[in-house]
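One structure below.
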Amino acid sequence: MTAASVAAVAAAAPITHTRPGESAVFYLLGAVAIVAALGVVFAKNAVHAALALVGVLFTFAVFYAMQDAPFLAAVQIIVYAGAILMLFLFVLMLVGVDSSDSLVETLRGHRIATGVFGLSFVVIMVGAIGHAITHASAVGLTSANAVAGGNVQSLARLIFTTYFWPFEVISALLIVAAVGAMVLAHRERTDRPSQPELMRERYRREDLVSALGHSAPGVFALGDSAARPALLPGGAEDLDSVYPELGGSAHGSSAPQESTP
Amino acid sequence: MTYTAASGLFAATWLLLLFPLVGAALLLLGGKALDRAGYQFATLMPIASFVLAVVLFFHLKSQPTSGRAVDDHLYSWIAVGGFHVSAGLLLDPLSMIFVLLITGVGSLIHIYSIGYMAHDPGRRRFFGYLNLFVAAMLLLVLADSYLGLYVGWEGVGLASYLLIAFWQYKPAAGTAAKKAFVMNRVGDVGLSLAIMLMFATLDKVDYAGVFGGVHHIGHADLTAIALLLLLGACGKSGQVPLQGWLPDAMEGPTPVSALIHAATMVTAGVYLIARSAPIFDLAPEARLVVTIVGAVTLLFGAAVGCAYDDIKKVLAYSTVSQIGYMFLAVGLGPAGYAIAIIHLVAHGFFKATMFLGAGSVMHAMDDQVDMRRFGGLRSVMPVTFATFLMGYLAIIGFPLWSGFWTKDKIIEASFDKGGTSGYILGICALLGAGVTAFYMTRLMILTFFGKRRWTEGVHPHESPVSMTAPMIVLAIGSAVGGFLLILNGGVQHWLTPVLGKSAEEGVHTVNGTVLTIITLLVVAGGMSGAYVAFGRPTVRIPWTPPQAGAVVTAARRNLYGDAFNEAVFMRPGQYLTRFLVFVDGRGVDGAVGGLAALVGGTSGRMRRAQNGFVRSYALSMSLGAVALVGALLLVRFG
Amino acid sequence: MNPANYLVLAAVIFTIGAVGVLVRRNAIVVFMCIELMLNAANLTLVTFSRLRGSLDGQVIAFFVMVVAAAEVVVGLAIIVTIFRTRRSASVDDANLLKY
Amino acid sequence: MIAAAGVAAAVPGQITTPVIDYRQLSPLLIVFGAALLGVLVEAFAPAAARRLTQILLAGTGFVAAFVMVVVNHSFRGLVASRAVAVDGPALFLDGTILLLALGSLLLLADRSGGNADALVADPAALPGTQEASALLASTDTVTEAFPLMSFSVGGMMLFSQSNSLLTMFVALEVLSLPLYLMAGLARRRRLLSQEAALKYFLLGAFSSAFFLYGLAMIYGFAGSVELGDIFNAAANTSKDDTFLFLGMALLLVGLLFKIGAAPFQAWTPDVYQGSPTPVTAFMSAGTKVAAFGALLRVFYVGFGDIRWDWRPIMWVVSIATMVVGAVLAITQQDIKRMLAYSSIAHAGFILVGFTATNAQGLAGTMFYLLTYGFTTIGAFAIVGLVRDGNGEATHLSQWAGLGRRAPFQAAAFAFFLLALAGIPLTSGFMAKFYVFQAAINGGAAGLVVVGVITSAITAFFYARVIVLMFFAEPVADGPVVAEASGYAAGAVGLGLAVTLVLGIVPASVMTLAHNAAVFVR
């Protein structure tokens, strides 16, 4: 840390205890967060799990707000709960909501080992953290926020100075994400036949030639439209080849046809 | 300790390595285009190296004694901060001997392989591997640092692995290759830890730096380094308790057995210890362990060699046993280093002779390896017989043949160590000589003498010249090599700058002449034992090895006169042999196999934890997290 | 009340989230549990921000929300894809890859 | 620095613009810029031209960024309001990541043996339907993968050079999210691929939650998330450091997960197996470098003063990781899974260097990451070439006798395996030697013993594959080895070249790593 920040740290009185209100909210929402997190893990239905995750995200947003991080609290709700989680739900719907997990464990010994891991990890982490924070005190962000005139401004200053490089590089990450989703999901139909090709194909199939007892509409005509009459061998237009609804003549041909019966 | 920087002709030392390396690269990467002519090119490569080695040898010999260690610095291999290793080659009397042996025997075996592998579809690959092996082996002996040696060490391991498994259609080949690989890795662990320890204590791994600084290493560290080096040596050289892979490695083509598993690679362990002489000199406890390993192995190999009917297996165990002699010798310290090297060179000749002879026999007998189906080949394959005979006389230490000069020295030096341990080691070595004579005579009799017990449709014939010629050259080497090596103490003097002065002609525990006579008597005993059991005209060799009951029945029918003999000598010997074979097969292999099975079993069981359920993975992560948090808090508050 | 009590609450919520990841089989719910864990970390950050008197914690929490948003998009896209294939969002059903 | 800007700007509501060190940030900016352009290409370029444009764009981006890393090589300091460190390790690892990304890009662009690459034509098509099977042979591909990869590379680079935990967290996500997506894009075996994506995502998100919680704890301890401040706070012993230790442990969970260290390794084999092979290569090489970069930075810089407290823990983690990786790899039947376990074992070996906690260990770790990355990319490149009717043939039994069908590819794979096994004359040996040496000097000889023994075990299963390829009868309807296109051949060649050169003449790169092995704080 530079001299300036050290000085700033020294200037503010350390917070050793939170305000009672914060404590109350912490314990209340902390319990909620844990329950919701357990919900993510143990809800049988994936959608319920997603909703439980929303709960966790919201409690976290509150924690951020309480810890002088109003900007992050907003981003948490807008980006995380608003966008990321919607993506999750969207895919869940796509995949099928009813695909709920069976809770029977198929891997032998897996659940026990997981239990051992969970317990030992939480004990070690909580124990170590508990040991480390016994006398912790918070410097608080008052002076840090004041540097540029507010939390958002100070964050912006940091992002565009100290952290400008990761900020730039993250753009690469977003492009990768977009390209990746396109690669895996987008289907480029390069082999789709063009309209004239389709038409030629249609004419080659003989059954279509005589569908009306005449050339099919559009065949040999001056355009592809079904409303353009076919051309007779002499070059005259065969109005019978067009349906009356499209402006052709009614049944009963005026000119002899050479089409095969 | 410093070495002279290479200049002039010595700057060409790296070419020794380059030739076979180029051959290997060309043949292995060249593809089918080289199927036809590649092998000829590959054969020229070790010959080129050999010629260069001879030139370098005479050049080295012309230098003053103090200038006979030449360091050919190639480039700076690792150079970071306080961590310097240069890639360089060290040509000194010790490595010179090995270079000559490797390129010489290697060349001969390449030539032999031309005939032996003439009809093999994978010939190009085979010659590529052979070249690769020669290159790696040369790097092993020429490197000027332990790290460089390690590179060659792994390289020969790899090449040997590829060659053992060369006949991929034989399932046994794959298994043997894997076994060799695993046991070698055990040894490699020792070697690499030794190197790490050197670096940790001295900050150096090059020979000059390490040997210059051994006096600054604490005794415990030094002993640890020496023992780890020994572990590495045991793995590569097939010494107890890591001997199991060597006999199995005979699944490879016979030239491979000759080149790698007899003459060159398996002696790398001896080289390692001899090269590390300055370390072992200061660690007498470690040296004692080396001698014990050597003595146990030499007896073990010899005893088990009596039990097998597979001609290559017998030769393999005899290799294990002979290397045991060398270990025994190097373990004796300055008194034994040079003797060990001399025996090593002599062994390279005679063992290669016999392996090539065995290959020639197999070639003639449609790849039959069971000696019970040989017999009477003497007249059919005169050249093979004659050359094999040279090797045989050499290995048993027949007077004037090379083993006589070299093995006797080891026995003598063992007694000269003095004290109880000297006597124990000496008697072990002596006993080993007798057993060696027994099983080698058995091999000779079963293969070349007696009735023809061939399977139907086999028409043995002498091998082509490309095969017999190398055998003849090697046979001459086996016959006279030993004598030449010790002539005027030549090699010993040659090696003195590297290995220190050997305690030559000091006070002998047992009079030299007396000891020679005792040794000869023991050898004669072994020979006659084998003759009595297998060589007499009345003995019938059954096609299947006699079981315990069968031995008795056979004895009742044919060996009435030898009931005493059997009860006193044969039967306990047979039981001992059988026990040792059991230990070899079940005990050691069992231990290695059991270890592998344990790891594999653990793996199979742990694998079930990877059950595919994401939640189980998350659970293991969570428990890991708890453990981490708990552990760090324990560190903090504990 | 000690202002640091929020930290204890956050630890509890974090553990509940982690346990949820381990026990739930619906991939979407598993993912919601991971969101619980992220929120617990955020609460810790905001609390520390107040304890230490620096706004950095709040900035980090803000960043975390953006990161979480991106992660949710990618994660849900993956879950939807696998659901379309298997007609099931259970993480236990996805266990072809094992051993 | 919290209020630094505030002091400077006395008037509330006014902000002094921070200094943006464009030159030092340019590698990152270039890679992210290329990624952004890639997204625009997706939106506006005609479908036919997209693939090539994307490849060129990403490749140019990586090369240009690498050039800028070289240009900046002598810079040492903190930039971007001290959020990013540009120092020796950062530059070395950035360069490594970029080169590895280039290799992975070659694989991602590869279309050996036809017109189809490893990525699915339409991720949304339902597997098993007629439409999906019709798409198998389609030349269409997810060209979005290229910008996603660029984003991931940017994240990796930033991850290893973040000087603040927040930047590190963001970088972690930037590197991970594209990987989660890319894991699910395999052309064939869609179900496996999607499963890999789901597993990777869920476990990754789970681990990053731990990381974040750890970050919060550290913030609570130090009042800042900048590594230098954390160091100072940790050195000031009068403070109650419970939060420091809690935070350190929780941060470790996140970091070790990315590294793939035990007991957080479980995702590795599943995800490696299911992902498209080029993506597997990319994540095994790149992520490892980035995650180790971050681990080194956090623990050497932030917690450097209390290394005696965390070292014992890292000992245990390192040993567990080596053993789990080596032992479990033995019984694997799938080549990708085997390589996954091998990557776990290698994470353990690298942790040995990390645990040395000296400059040599740091340099050795960086060197190891470099060599391992190239070897592993080469190995996966070969894996991608071996195919049968159902796509890649990854079951080991199908690899039997491959040496006869495709001698060169099999030989290259064997060479990569030897390098992974740490056989001399390969980069793997030098790297292992380097970190083990550092560990011995750093007083961790016990770790080295375990390391040497486990690497002997790993050698066994690498050898098993080599035996299978060269010394086993080919299976009757075995896989074919696709003719490597220029891209795949380039990736294999790159892997071979680096593995061989760094095995024979490693001195220059080692010196580079050695000279780079100093963090700025």
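The values are calculated or read from the model by the stated rules, or taken from the named source; none is laboratory data. None of these values were measured; they are calculated from a predicted model. No Cβ is skipped: glycine too gets one built from the backbone with ideal geometry, and neighbour counts run over all protein chains shown. To get the accessible areas, we keep the full protein, side chains included, count just its heavy atoms, and leave off ligands, DNA and RNA. Shrake-Rupley method; radii C 1.70, N 1.55, O 1.52, S 1.80 Å.
Taking the stretch C:30-82 as the range and being polar (S, T, N, Q) and touching a residue at least 40 places away in the same chain (Cβ under 8 Å) as the test, only C:T47 passes. Filtering the stretch A:45-73 to residues that are in a helix (DSSP H, G or I) and more than 20 Å from the chain's Cα centre (by Cα) leaves A:T59, A:F60, A:A61, A:V62, A:F63, A:Y64, A:A65, A:M66, A:P70, A:F71, A:L72, A:A73. Does B:L56 satisfy being within 14 Å of another protein chain (Cβ to nearest Cβ) and either closer than 25 Å to B:L147 by Cβ or of a type in the set (S, T, N, Q) (or both)? So B:L56 fails the test. Within the stretch B:377-399, being open to solvent by less than 10 Å² (accessible area, probe 1.4 Å) and among the small types (G, A, S) holds for B:G391, B:A394, B:G397. Checking each residue in the stretch D:443-453 for being in a helix (DSSP H, G or I) and either more than 10 Å from chain B (Cβ to nearest Cβ) or free of Cβ contacts under 8 Å to residues at least 40 places away in the same chain (or both) picks out D:A445, D:G446, D:L447, D:V449, D:V450, D:V452, D:I453. Of the residues making up the stretch C:32-50, none is touching a Gly at 6+ places or on another chain (Cβ under 7 Å), among the aliphatic types (A, V, I, L, M), facing another protein chain (nearest Cβ under 7 Å) and open to solvent by 10 Å² or more (accessible area, probe 1.4 Å). Considering only the stretch D:473-487, I want to know if a residue exists there that is assigned to a loop (DSSP other than H, G, I, E, B), among the aliphatic types (A, V, I, L, M) and within 11 Å of chain B (Cβ to nearest Cβ). The answer is no, given that none of the residues of the stretch D:473-487 is assigned to a loop (DSSP other than H, G, I, E, B), among the aliphatic types (A, V, I, L, M) and within 11 Å of chain B (Cβ to nearest Cβ).
Against the test of being away from every other protein chain (no Cβ under 14 Å) and more than 25 Å from D:A216 (Cα to Cα), the options D:L192, D:L99 yield a single qualifying residue, D:L99. For B:P460, indicate whether it is touching a residue at least 40 places away in the same chain (Cβ under 8 Å), more than 21 Å from B:G104 (Cβ to Cβ) and open to solvent by 30 Å² or more (accessible area, probe 1.4 Å). For B:P460, the condition - touching a residue at least 40 places away in the same chain (Cβ under 8 Å), more than 21 Å from B:G104 (Cβ to Cβ) and open to solvent by 30 Å² or more (accessible area, probe 1.4 Å) - is not met. Restricted to the stretch D:497-509, and to residues there that are of a type in the set (A, V, I, L, M, F, W, C) and open to solvent by less than 40 Å² (accessible area, probe 1.4 Å), the residue that is farthest from the chain's Cα centre (by Cα) is D:A507.
If you check B:L425, B:L431 for being modelled with pLDDT of 85 or more, within 30 Å of B:A307 (Cβ to Cβ) and touching a helix residue (DSSP H, G or I) at 6+ places or on another chain (Cβ under 6 Å), only one passes: B:L425.
On the stretch given as the stretch B:48-105, residues that are among the aromatic types (F, W, Y), closer than 28 Å to B:K351 by Cα and open to solvent by less than 10 Å² (accessible area, probe 1.4 Å) total 1. Taken over the stretch D:329-350, the criterion of being open to solvent by 10 Å² or more (accessible area, probe 1.4 Å) and hydrophobic (A, V, I, L, M, F, W, C) is satisfied by D:I330 alone. The sole residue among D:L91, D:L78 that is in a helix (DSSP H, G or I) and at pLDDT 90 or above is D:L91. The set of residues in the stretch B:150-187 that are under 18 Å from D:T458 (Cα atoms), at pLDDT 80 or above and aromatic (F, W, Y) contains only B:Y161. Selection of first residues in the stretch B:602-618 that are under 24 Å from C:R25 (Cα atoms) and of second residues that are among the β-branched types (V, I, T) and open to solvent by 60 Å² or more (accessible area, probe 1.4 Å), restricted to Cβ pairs under 9 Å at least 6 apart or on distinct chains, gives the following pairs, ordered by first then second residue: B:F613/A:T106. Answer yes or no as to whether A:I34 is modelled with pLDDT of 85 or more and under 24 Å from C:T44 (Cβ atoms). Criteria met by A:I34.
Of all residues in the stretch D:429-447, those satisfying the criterion of being under 19 Å from D:V327 (Cα atoms) and either under 21 Å from the mean Cα position of the chain (by Cα) or surrounded by fewer than 24 Cβ atoms within 10 Å (Cβ to Cβ) (or both) are D:K432, D:G446. Each residue in the stretch C:54-99 was checked for being of a type outside the set (S, T, Y), away from chain B (no Cβ under 14 Å) and open to solvent by less than 10 Å² (accessible area, probe 1.4 Å), and 17 pass.
Of the helices (runs of 4 or more DSSP H) that lie entirely inside the stretch D:231-332, those containing 2 or more residues that are over 28 Å from D:V518 (Cβ atoms) and of a type outside the set (D, E) span D:242-259, D:267-274, D:277-282, D:307-330.
Checked against (1) farther than 23 Å from B:L149 by Cα; (2) at the interface with another protein chain (Cβ under 8 Å from one of its Cβ atoms); (3) open to solvent by less than 50 Å² (accessible area, probe 1.4 Å), D:A456 passes all but a single condition, namely (1). Within the stretch A:125-149, if we keep just the residues that are surrounded by fewer than 19 Cβ atoms within 10 Å (Cβ to Cβ) and under 36 Å from the mean Cα position of the chain (by Cα), the residue that is nearest to the other protein chains (Cβ to nearest Cβ) turns out to be A:G149.
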